[in-house]
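The values are calculated or read from the model by the stated rules, or taken from the named source; none is laboratory data. Because the structure is predicted, anything quoted here is derived from the model rather than measured. Here Cβ is always computed from backbone atoms with ideal geometry, including for glycine, and neighbour counts include all displayed protein chains.
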Amino acid sequence: MNVFQYIDVFSEADGIGSDIIGLDLIFKEMGFYSKIVARKNFSEKKILDPDFKSNAPNQIHILHYGGTGFPIENFLSRNGKKFLKYHNMTPVNFFKNHIKEDFFLSLKKKELESYFELETFSKLLDGFIFDSRYNHLSLRKILQKKITQKKKILPIAINYKKKIKAQKNSHQIVFIGRFVPNKKIEDLIKTLYFLNQLDEKYELHLIGKTNLVFQEYFDKILELINKLNLNSKVKIYSDISEEEKNKILSESKFYLSMSEHEGFGIPVLEAISNFTLSISYSTEATNELLYNSGLVFQEKDYLKTANLIHELNQNNSYYEKFLELQLNRLEVFENYPFNEKIKELFQ
């Protein structure tokens, strides 16, 4: 069987790219011929151009979708079974007050184009794959109808194995995510401010790329850090290696997220795999990801969140109890039956 994975822009540095690489390995381990197809390639991997030719029998084509971009006519014209892996899309309304109006309107237009493409896919594809149940429900909401084709939940195919446990800095808090408005970096800064009223040793480590499109938002974050006199307490890493990222995660005692939109939440599981306790604002994707192991809060009260972190830091038995629950949850993803689900999907 020949399996082709399609993406508009392929990068090994983002969640969709990581998923494609992980699935590529799984397909090859299952004995399939597996190739990646992209219009733009920002990786060192050899991939196929969208205009590649293949007449082989038993072809499977999977388009990874996070918005419009890849020429869908190219994908739909392929011989063989065709599937969409839906990775969710951040609603552009999160960006409205942080970018110029003309650019916001162009993003809104792209969002509408994506909805039309998804409607087309809902009529022509053989099946759909989702990172999570939340993404399945999100697509149903966009389409305003049930999806009648084959459906499977396949989490992001990354390595979920636990790392070696390292010595923790008990006052180190970490968050991983791009500096974009839906991640609500400002809420992390405000929580740190209250933490420093409880103990001035607390630090916040922010790992994530900046984007010229959201430079205004990033500048506001820097202004807030300066205004609250937290310059020495906030460390920003915009371009670091996987090894450096895991070192920061392994040394951090807490992972804190105030994000208001997630499609899956890879960093949460990366943190847990490094024995770092995750505390998150409640979103549907995060609730599903952590299930009953989550320290999840429903409303944003910076003082309450600061008190929770400080209390857990002082009571190690509570900390270890919640961390054990999260490590057990991690094992669900580590032992996920990818091969079995893929075989059922391709039958």
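Restricting the search to region 23-59, which residues are on the phi > 0 side of the Ramachandran plot and either modelled with pLDDT of 95 or more or assigned to a strand (DSSP E or B) (or both)?
At the first step, the residues of region 23-59 found to be on the phi > 0 side of the Ramachandran plot are 31, 58.
Of everything in region 23-59, just one residue is on the phi > 0 side of the Ramachandran plot and either modelled with pLDDT of 95 or more or assigned to a strand (DSSP E or B) (or both), namely Gly31.
Restricting to region 141-191, what's the tally of residues that are assigned to a strand (DSSP E or B) and free of Cβ contacts under 8 Å to residues at least 40 places away in the same chain? Give the steps one after another, and end with the answer.
Taking region 141-191 as the starting set, the residues that turn out to be assigned to a strand (DSSP E or B) are 150-153, 169-176.
Narrowing the set further to residues that are free of Cβ contacts under 8 Å to residues at least 40 places away in the same chain leaves 151.
Qualifying residue count for the region: 1.
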Quiz item: Residues in region 323-342: is at least one among the basic types (Lys, Arg), part of a helix (DSSP H, G or I) and free of Cβ contacts under 8 Å to residues at least 12 places away in the same chain?
Solution: no
Quiz item: Restricting region 199-228 to residues that are farther than 30 Å from Asn313 by Cα and polar (S, T, N, Q), which is surrounded by the most Cβ atoms within 10 Å (Cβ to Cβ)?
Solution: Thr210
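Here's the yes/no breakdown for (1) at pLDDT 95 or above; (2) in contact with a Leu (Cβ under 7 Å, 6 or more places away or on another chain):
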{"site": "Leu198", "(1), (2)": "yes, no"}
{"site": "Glu203", "(1), (2)": "yes, no"}
{"site": "Leu206", "(1), (2)": "yes, no"}
{"site": "Thr210", "(1), (2)": "no, no"}
{"site": "Val213", "(1), (2)": "no, no"}
{"site": "Asp219", "(1), (2)": "yes, no"}
{"site": "Glu223", "(1), (2)": "yes, no"}
{"site": "Ile236", "(1), (2)": "yes, yes"}
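Within region 319-340, does at least one residue satisfy the condition of being among the polar types (S, T, N, Q), surrounded by fewer than 16 Cβ atoms within 10 Å (Cβ to Cβ) and over 21 Å from the mean Cα position of the chain (by Cα)?
First, the residues of region 319-340 that are among the polar types (S, T, N, Q): 326, 328, 335, 339.
Those still in the list that are surrounded by fewer than 16 Cβ atoms within 10 Å (Cβ to Cβ) too: 328, 335, 339.
Subset that is over 21 Å from the mean Cα position of the chain (by Cα): 339.
Yes.
For (1) under 16 Å from the mean Cα position of the chain (by Cα); (2) over 25 Å from Met89 (Cβ atoms); (3) polar (S, T, N, Q); (4) surrounded by fewer than 16 Cβ atoms within 10 Å (Cβ to Cβ), each residue gets a yes or a no:
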{"position": "Asp8", "(1), (2), (3), (4)": "no, no, no, no"}
{"position": "Ala13", "(1), (2), (3), (4)": "yes, no, no, yes"}
{"position": "Gly17", "(1), (2), (3), (4)": "yes, no, no, no"}
{"position": "Gly22", "(1), (2), (3), (4)": "yes, no, no, no"}
{"position": "Glu29", "(1), (2), (3), (4)": "no, yes, no, yes"}
{"position": "Ser34", "(1), (2), (3), (4)": "no, yes, yes, no"}
{"position": "Val37", "(1), (2), (3), (4)": "no, no, no, no"}
{"position": "Phe42", "(1), (2), (3), (4)": "no, no, no, yes"}
{"position": "Lys46", "(1), (2), (3), (4)": "no, yes, no, yes"}
